[in-house]
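Peer 1: Take a look at this one; I'll ask things after.
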Amino acid sequence: MKTKIFILFCFAALFSGCTTEFNRVYKSADYSYKYEYAKECFARGKYMHAISLLQELLTVMKGTDNGEECLYMLAMAEYSDRDYESASATFKKYFSSYPKGVYAEQAAYYIGQSLYQSTPEPRLDQTPTVGAINAYQQFLDIYPDSKLRPVAQQRLFDLQDKLVMKEYLSAKLYYDLGDYFGNCTGGGSNFEACIVTAQNALKTYPYSKMREDFAVLIMKSKFELAEQSIEAKRVDRYRDAEDECYGFLNEYPRQQGSCHGQKGILRSARRSPTTDVALFYCR
């Protein structure tokens, strides 16, 4: 018990000593000493202390030999402290101030990296994701031979996958809402909205890994749309659904009798006096 108390006392004394030293440096008018201490804090992983000092020193150091390094170190300290929004803004400030600077390439990369770290999950608004994609694309355009190029390209693919997932979740939500009309204030149906959303996603991301998932949603939605249609539109919509099914099986022949790893159900039904429609309907 006494040993534990002694250890806690030592930690408290050490923390108090560090805080006292930082406060003394922070109040000092010796900017050179402040800058060296900020560099030491950064090297030791005390990013909050480094940020506090470097933010104050920016104006003082501007135009000096240390101005460029000070700004870049502040951006890296913010990034390391996981303040990605501030880091992105500071990296942008560095790159616009020193486009040919020593750290220009790294700053351009970390603009995208900071935005990448703060992108939300696919269900949420993806504006930050689009911003990160634009930042990485700009980096690749400016530094096509950078050693960081492979990482930036992979980040681009990851971010695009997130946008694809966003579209898929939107289409899937329409499908899941089914024949609920409470959200269809502008007319139409949820199945029609699902079809349009999925088709637009396939046009925008034709080589997506989720291409088959979108195709399944379109196929299922066309069938359900036909099921709930009025008599005058029903036959044409069943035919459209049938064509969609055969198109799906032509593109994904391994799914004959099986859709997306699940057992396919063959439904045969007489939909008109002249047409028997056989539909593969995936559940």
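Peer 1: Do we find that Gly112 is on the phi < 0 side of the Ramachandran plot and surrounded by 21 or more Cβ atoms within 10 Å (Cβ to Cβ) in this structure?
Peer 2: In short, yes.
Peer 1: Among the residues of region 82-109 satisfying the criterion of being outside any helix (DSSP H, G or I) and surrounded by 14 or more Cβ atoms within 10 Å (Cβ to Cβ), which is nearest to the chain's Cα centre (by Cα)? Explain how you work it out, then say what you get.
Peer 2: Of the residues in region 82-109, the ones outside any helix (DSSP H, G or I) are 82-83, 98-103.
This time we only want the ones that are surrounded by 14 or more Cβ atoms within 10 Å (Cβ to Cβ), so: 83, 98, 101, 103.
Working: Asp83: 17, Tyr98: 28, Gly101: 29, Tyr103: 26 Å.
Ranking the candidates gives Asp83 first.
Peer 1: On to the next question. Can you tell me which of Phe214, Phe139 is at pLDDT 95 or above, closer than 29 Å to Ala107 by Cα and surrounded by 21 or more Cβ atoms within 10 Å (Cβ to Cβ)?
Peer 2: Phe139
Rundown of residues vs (1) over 21 Å from Asp83 (Cβ atoms); (2) acidic (Asp, Glu); (3) modelled with pLDDT of 75 or more, yes/no style:
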site	(1), (2), (3)
Leu8	yes, no, no
Ala12	yes, no, no
Glu21	yes, yes, yes
Arg24	yes, no, yes
Ala29	yes, no, no
Tyr37	no, no, yes
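Peer 1: Another question, then. Take region 17-43 and flag every residue that is surrounded by fewer than 17 Cβ atoms within 10 Å (Cβ to Cβ) and aliphatic (A, V, I, L, M).
Peer 2: Answer for region 17-43, where residues must be surrounded by fewer than 17 Cβ atoms within 10 Å (Cβ to Cβ) and aliphatic (A, V, I, L, M): Ala29, Ala43.
Peer 1: Moving on to the next point. Name the residue, out of Asp276, Asp236, that is charged (D, E, K, R), over 35 Å from the mean Cα position of the chain (by Cα) and at pLDDT below 85. Steps first, answer last, please.
Peer 2: Values: Asp236 fails: at pLDDT below 85.
It is Asp276.
Peer 1: Also, quick follow-up: Is it the case, given these coordinates, that Glu56 is among the charged types (D, E, K, R) and either surrounded by 18 or more Cβ atoms within 10 Å (Cβ to Cβ) or touching a helix residue (DSSP H, G or I) at 6+ places or on another chain (Cβ under 7 Å) (or both)?
Peer 2: Criteria not met by Glu56.
The values are calculated or read from the model by the stated rules, or taken from the named source; none is laboratory data. Values in this document were obtained by computation on a predicted structure and should not be read as measured data. Here Cβ is always computed from backbone atoms with ideal geometry, including for glycine, and neighbour counts include all displayed protein chains.
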